[in-house]
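Read the figures in this text as sums done on the coordinates, not as results from a lab. Bear in mind the structure is a predicted one, so any value in this text is a computation, not a measurement. Glycine gets a Cβ as well: all are built from the backbone with ideal geometry, and neighbour counts include every protein chain shown.
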Amino acid sequence: MNELLSKISSYNIFNYLFPGAVFSIVADHLNIVAYPSDVIDKLLWFYFIGMAISRIGSVVVEPLLRCWSFVTYSDYPRFLRACASDAKLELMVEVSNTYRTLATAFALLPLGLLAGWIAGGIGFPAPWRERLILLPLLVLFLFSFRKQVGYIQRRVNHHGGE
């Protein structure tokens, strides 16, 4: 277990584990969703919830914020050149992603309350509420995969590919 924990990067801790824990604890207090009590199950839960929230931030929230000109980015080749000459840039990106993930988590909390209220109001059975999340998770991770492959392609192309 210690070996596994030692291999988790700071990016994974601050963008998956920490936001997943914050979201889960607040969501539990708001009676949106409970998290496991076993330590191993809890760590896996926090990590997965944080990963899902991070992906929602990357695939949904970030494009919306870019569309609304709330944030703008440099072009990717320029970003890669800057990373090569500025070691702090990767840390700054990590911190930026942490903020995006936490903002997404806090946006999802009222949406979770609203969804629970609507589902309860229309008499949607509780077991189906949990099952219903599987399809959006599938779609979310498929789009995340596509986005990651796009980054890989752009990086390969930048470093001498096509």
Signed unit charges on C-beta, dipole axis of the chain, positive-most listed residue Val95, Ala34, Phe18:
Val95
What order do you get for Phe14, Phe70, Phe48 when you list them from fewest to most C-beta neighbours inside 10 Å?
Phe70, Phe48, Phe14
Once phi is turned into θ = phi - 60°, what whole-Hz ³J(HN,Hα) does the Karplus curve with 6.51, -1.76 and 1.60 give for every residue of segment 128-140, x standing for Gly and Pro?
6, 4, 5, 5, 5, 6, 4, 5, x, 5, 4, 4, 4
Placing each pseudo-label 7 Å from Cα in the direction of the beta carbon, Arg155 and Phe141 end up separated by a distance in nanometres of 2.1 nm
Considering the chain as a Gaussian network with a 10 Å cut-off on Cα pairs, which listed residue, Lys88, Lys42, Lys147, attains the greatest mean-square fluctuation?
Lys88
Based only on the alpha carbon positions, what is the Kirkwood hydrodynamic radius of the chain, in angstrom?
17.8 Å
With n ≥ 4 as the cut-off for DSSP H runs, can you work out [θ] at 222 nm for the chain, using -39500 (n - 2.57) per run divided by the number of residues, rounded to the nearest 500?
-23500 deg cm²/dmol
Assigned charges on the beta-carbon of Lys, Arg, Asp, Glu; the chain dipole about Cα centre (debye):
420 debye
